[in-house]
Amino acid sequence: MKEIFISHSPEETMALGKSIAEKAAPGDIIALTGDLGTGKTVFTKGIARGLGIDEPVSSPTFTIVSEYRSGRMPLFHFDVYRIGDPDEMDEVGLDDYLSNGGLSLIEWAELISDMLPPETVWVTIEKDLESGFDFRRITIERPEKNKL
């Protein structure tokens, strides 16, 4: 199933993330794609808010994964932008995180798409400067059985 949402502000992007997280179940995986500066981290902050996480959320670019455990379930926030070889994700313990009962959110997921299971929800954020500086088209593609 494919849905398209239009956001006109970071607050709207964050609100969409929050509403998705409120429906999330342990073990859900969100693959997040989009160019630099499209709002992936803003969306992730909304996910954290929807899980009730009260810790500050930032992009884990230099650590690959950040764990947030103060909400109703853990959030495992990956940023795989700097991964040179998908096999590096084995060293990070990707499979362990994906099966660890939290919500896994992976920025730049297209770089490791072959490693993600078929039940992964794909979220693509695109900007269109002709439509406005804060305009974002957010496409969510989910398998039929996934309720996110």
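The values are calculated or read from the model by the stated rules, or taken from the named source; none is laboratory data. It should be emphasised that the depicted structure is a prediction, and the values quoted were computed from it without experimental measurement. Every residue, glycine as well, gets a Cβ built from its backbone with ideal geometry; the counts of neighbours run over all protein chains shown. Accessible surface areas use protein heavy atoms only, side chains included; no ligands, DNA or RNA. Shrake-Rupley method; radii C 1.70, N 1.55, O 1.52, S 1.80 Å.
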task: For residue 81 and residue 6, compute 0.36 nm times the residue count separating them, minus their Cα-Cα distance, and round to one decimal in nm.
output: 24.5 nm
- prompt: Of the beta bridges DSSP finds with both residues in the stretch 1-126, what % are antiparallel, to the nearest 5?
  reply: 25
- request: Provide the solvent-accessible area of residue 81, counting protein heavy atoms only and rolling a 1.4 Å probe, rounded to the nearest 10 Å².
  value: 100
- prompt: Contour minus end-to-end for residue 36 and residue 22, with contour as 0.36 nm per residue of separation and end-to-end as the Cα-Cα distance?
  reply: 2.4 nm
- prompt: Across bins of 10 angstrom width beginning at 0, how are the C-alpha pair distances of the stretch 65-122 distributed, in whole percent?
  reply: 23, 59, 18, 1
message: How charged is the neighbourhood of residue 82? Take every other residue with its Cβ under 12 Å from the Cβ of residue 82, and add Lys/Arg as +1 and Asp/Glu as -1.
response: -4
- prompt: Measuring with a 1.4 Å probe in the full set of protein chains, what accessible area per residue, in whole Å², belongs to the chain?
  reply: 51
- prompt: Restricting attention to the stretch 60-148, which GluC sites (Glu not before Pro) occupy a DSSP loop and are surrounded by at most 14 other Cβ atoms within 10 Å?
  reply: 119, 144
query: Nearest 20 debye, what's the magnitude of the dipole of the stretch 102-148 about its Cα centre given +1 on Lys and Arg Cβ and -1 on Asp and Glu Cβ?
result: 240
message: With n ≥ 4 as the cut-off for DSSP H runs, can you work out [θ] at 222 nm for the chain, using -39500 (n - 2.57) per run divided by the number of residues, rounded to the nearest 500?
response: -6000 deg cm²/dmol
- request: State the percentage of accessible surface on the chain attributable to carbon and sulfur atoms; use a 1.4 Å probe and exclude ligands, DNA and RNA.
  value: 50
